[in-house]
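Everything on this sheet refers to the single structure shown next.
The values are calculated or read from the model by the stated rules, or taken from the named source; none is laboratory data. What you see is a predicted model; the values in this text were computed from it and never measured. For neighbour counting, all protein chains shown are included, and Cβ atoms are generated from backbone atoms with ideal geometry for every residue, glycine included. All accessible areas refer to the heavy atoms of the entire protein, side chains included, with ligands and DNA or RNA removed. Shrake-Rupley method; radii C 1.70, N 1.55, O 1.52, S 1.80 Å.
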Amino acid sequence: MNKSTDCFAARCGIHDPARELACEQALRRMEDAGVERVRLSWCDAHGLLRGKTLMPAAAARALREGVGMVGTLMLKDHADRTAWKVFERGATDDIPGFAGAANLMLLPDPDSLVMLPWSPGTAWLRCQPWFQDGTPVPMDSRRVLQDALNRLAHTSHGLKVGLEVEFHVYRLLDASPQLDPELAAWPGLPPRVEMIHPGYQLQGEAMTDMAEPVLRIVQDTAQALGLPLQSLEIELGPSQIEAVFDATDALTAADQMVLFRNGVRQALRRAGYLATFMCRPPFPNIMSSGWHLHQSLVRLDDGANAFARPAPAPGSDVLAASHTLSDTGCQWLAGLLAHADALACLCTPTANGFGRFRPNALAPKAAVWGRDNRGAMLRVVGAPGDPATRIENRLGEPAANPYLYMAAQIAAGLDGIEKALTPPGASEDPYDPGHPHIPATLGAALDALEADIVLTASLGQVATAHFLRIKRAEAARHAEAEDKLEFDRREYFSRI
């Protein structure tokens, strides 16, 4: 059999001699490392990894032939309930291929192979889902970003992204509430925890030393996974820390974010800690966690920063975007502002996360930009002649699906470029009540996305409708919950 032409991956149009060589190299690496099991994982719409653990021989076959997965895994809302009645006639007409909980196929990327440092003998491969006829699944969030990047490439640009991710880590005291079969529920109770540092001393060295065992595990895990970790910092909130990564291309950055969250949670859990990427943990006196996305366009021909401006635009002052950003950068900024309402649910996709948007909380409240202003939704960083000039979007939460988060930036920014939009002047008072407010709830943000014909078309009608349906189930449950804190404890705290 000619493995390059007769396998399922070839029928999907992605297998060629180069991929065949990559498969052979991955198998040799696994053999040399004495791998005993291989996790095949894919990222769902909520940014969470799901998958199967295969034995090495089965994983070798899966590299070329794929492995089956139940299709309803793509239809789960945040509580893991299937949002479509797949066994009823006509109930899946809007998502062909999912009736009867039919199988999809997972295809691994051989170049994604890593050895999991916290699980000896275990290798990991990133996968994407395909239909059994070899066609792509349109609501696959990684494919949504791949398609967005392809559209961006037609303008001769790529997207460069830097990650700043805040999250909370707690020491586990008692896991019995979560593991007691008498208390099992859907979703269940979280474990009991205590803090790793008391907080309210931003970047305090004494706090750093107190949290050093946790920081060491985070560092060792990230570096063993090959992630470009730049720094670990103590954030202001109790038990809150931040990880900062070197900037890279958007698809790589999204892949790294998924792997980082997954790895840190698992490695820390084995060491007796719980890491949570929910925005607002269910305790009094916490500080919200954000995910700040630094972004710039790069020219594909020479890699130069397309947002950088060698000198201020004639007649501009420091509050004009054209003082710092190139014409392309100004248009991208204007596109992000124009679609801020629709972006909100893609950058902050949980009901919990919208509690972060309040005045004077280092989080945005309005769709404005500022010149190095951390209260604005969009912070322009840099200066004329600075090759690191960029836009920081402060709208996101750390639980966001990174592929959808970044694809949304491209959709909005490209619209700004295509329409040559002009941004307003910078705000020096981003919490002025006269500014246009971003949506205050997940439900309102979902309505804004549905009404935004530019973003829905760019992200894909099927992918957008899929996202709206599963997130509306979450928003409805949150709205109906009498005890919102209990909802957050069960729905988010130990699950994301």
Pulled fully out, how much extra length does the chain show between Asn103 and Asp372, if you take 0.36 nm times their separation in residues and subtract their Cα-Cα distance?
91.9 nm
Take the eigenvalues of the Cα gyration tensor for the range 1-53, scale each by 5, and report the square roots as semi-axes in whole Å, largest first.
23, 19, 9
Just the number: Rg to Rh for the range 269-334, Cα atoms, Kirkwood Rh, two decimals.
1.27
Of all accessible surface on the range 387-496 at a 1.4 Å probe, what whole percent is carbon and sulfur?
56
Here Rg/Rh (Cα, Kirkwood) for the chain equals 0.96
For the range 92-101, in order, what is each residue's ³J(HN,Hα) by Karplus, 6.51 cos²θ - 1.76 cosθ + 1.60 with θ = phi - 60°, in whole Hz (x at glycine and Pro)?
10, 4, 7, 9, x, x, 10, 4, x, 6
Calculated P(r) tail over 22 Å for the range 359-496, as whole % of Cα pairs
50
Full-stretch length increase - Glu36, Gln219 - with 0.36 nm per residue and alpha-carbon distance subtracted:
63.4 nm
Beyond 11 Å, the calculated P(r) of the range 438-482 holds a percent of Cα-Cα pairs equal to 66
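Excluding ligands, DNA and RNA, what is the solvent-accessible area per residue of the chain at a probe of 1.4 Å, expressed in Å²?
For the chain, the solvent-accessible area averages 40 Å² per residue.
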For the range 377-385, Karplus couplings with θ = phi - 60° (6.51, -1.76, 1.60), whole Hz, Gly/Pro x:
4, 10, 10, 8, 10, x, 7, x, x
The range 211-273: D in µm²/s via Stokes-Einstein (Kirkwood Rh, Cα pairs, 20 °C, 1.002 mPa s)?
176
Non-local amide H neighbours of Arg37 (under 5 Å, H modeled in plane, Pro and chain starts lacking H): which ones?
Ala123
Along principal axes, largest first, the alpha-carbon spread of the range 281-430 in whole Å comes out as 50, 31, 24
Normalise the Cα radius of gyration of the range 112-226 by 2.2 N^0.38 Å (N = residues in it) and let me know the number.
1.56
Counting only residues 5 or more apart in sequence or on a different chain, those whose built amide H sits under 5 Å from that of Gln230 are Val244, Phe245, Asp246
Rounded to a whole number of µm²/s, how large is the Stokes-Einstein D of the range 157-197 at 37 °C and 0.692 mPa s, given Rh as the Kirkwood radius over C-alpha pairs?
248
Before rounding to the nearest 500, sum -39500 (n - 2.57) across all DSSP H runs of length at least 4 in the chain and divide by the residue total; then give [θ] at 222 nm in deg cm²/dmol.
-10500 deg cm²/dmol
Considering only Ile217, His339, Val318, whose Cα is most displaced toward the positive end of the charge dipole of the range 217-354, charges sitting on Cβ of Lys, Arg (+1) and Asp, Glu (-1)?
Ile217
Take the solvent-accessible surface of the protein heavy atoms, probe 1.4 Å, and return the percent of it on the range 31-163 that carbon and sulfur atoms account for.
50
Accessible area of the range 266-350 belonging to carbon and sulfur atoms, whole % at 1.4 Å probe
53
Provide, for q = 0.13, 0.16, 0.21, 0.24 Å⁻¹, the log10 of I(q)/I(0) from a solvent-free Debye sum over equal Cα point scatterers in the range 1-111.
-0.60, -0.82, -1.12, -1.27
Inter-label distance, nm, simple model (7 Å from Cα along the C-beta direction), Gln25/Ala451
5.0
Enumerate by residue number the chymotrypsin sites (Phe, Trp or Tyr not before Pro) in the range 342-409 meeting two conditions: DSSP loop (anything except H, G, I, E, B), and at most 15 other Cβ atoms within 10 Å of the site's Cβ.
none
Filtered hits (aspartates and glutamates, Cα-Cα < 18 Å from Lys419, offset >= 8 within chain) -> Asp327, Asp452
Any residue on another chain or 5+ positions along whose placed amide H is under 5 Å from the amide H of Tyr273 is listed here as Leu172
Taking a cut-off of 18 Å between Cα atoms, list the lysines near Lys76, but don't count ones fewer than 8 places away on the same chain.
Lys52, Lys85, Lys471
Aspartates and glutamates near Lys365 by alpha-carbon distance under 19 Å, same-chain residues fewer than 8 away left out - which ones?
Glu166, Asp341, Glu392, Glu397, Glu428, Asp429, Asp432, Asp447
Cβ-derived FRET efficiency at R0 35 Å, Leu173 paired with Asp209, nearest 0.05
0.95
Calculate one ³J(HN,Hα) per residue across the range 277-288 by plugging θ = phi - 60° into the Karplus curve 6.51 cos²θ - 1.76 cosθ + 1.60, and present them in order as whole Hz with x for glycine and proline.
9, 5, 5, 10, x, x, 9, x, 6, 8, 10, 5
